[in-house]
């Protein structure tokens with residue numbers, strides 16, 4: 001995990017797993033918690049979060065995840081799945097081949113507004 005090797009801070013790790021891929025695949029209403037967006041949320045304990053899956057047992061759930069919500073509906077509650085399946089297949093929009101997500105200064109990134117929002121990969125190096 002990024003935490004174990006001190007690759008980048010927690011906020012950057014969450015951004016790279018949520019908002020960044022949502023933007024890359026054209027999902028404007030996902031990846032961030034804000035009014036009008038779908039509420040896909042994972043509540044976890046940063047101290048006990050640990051991937052327990054192995055090649056022998058790939059579906060083994062991670063430790064430290066308390067709750068999970070898809071579209072605002074609980075799908076994971078205190079250990080087991082709730083059985084709810086509120087999600088659906090998401091189809092991405094065509095990816096702009098000129099956009100580079102891993103850059104050092106997003107002010108110069110074509111078609112990207114991350115620079116305007118103050119994002120910079122320089123903060124993680």
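The values are calculated or read from the model by the stated rules, or taken from the named source; none is laboratory data. As the structure is a computational prediction, the values presented were derived from the model and not from experiment. Don't worry about glycine lacking a Cβ; one is built from the backbone with ideal geometry, like all the others, and counts go over all protein chains shown.
Some notes on this structure:
- Filtered residue count, the stretch 17-28, keeping only those that are more than 17 Å from residue 50 (Cα to Cα) and either under 11 Å from the mean Cα position of the chain (by Cα) or without any contact (Cβ under 8 Å) to a residue 60 or more places away in the chain (or both): 7
Here's the yes/no breakdown for (1) at pLDDT 90 or above; (2) within 17 Å of residue 14 (Cα to Cα); (3) part of a loop (DSSP other than H, G, I, E, B):
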residue	(1), (2), (3)
52	yes, no, yes
66	yes, yes, no
83	yes, no, yes
104	no, no, yes
110	no, no, yes
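- Condition check for residue 39: in contact with a strand residue (DSSP E or B) (Cβ under 9 Å, 6 or more places away or on another chain) and either surrounded by 10 or more Cβ atoms within 10 Å (Cβ to Cβ) or modelled with pLDDT of 90 or more (or both): yes
- Looking across the stretch 6-16 at every residue that is loosely packed, with under 13 Cβ neighbours inside 10 Å and free of Cβ contacts under 8 Å to residues at least 12 places away in the same chain, the one that is farthest from residue 68 (Cα to Cα) is identified as 6.
- Selection status of residue 47, farther than 17 Å from residue 90 by Cα, loosely packed, with under 13 Cβ neighbours inside 10 Å and within 12 Å of the chain's Cα centre (by Cα): no
- Some residue of the stretch 30-37 being part of a loop (DSSP other than H, G, I, E, B), in contact with a helix residue (DSSP H, G or I) (Cβ under 7 Å, 6 or more places away or on another chain) and more than 20 Å from residue 86 (Cα to Cα): no
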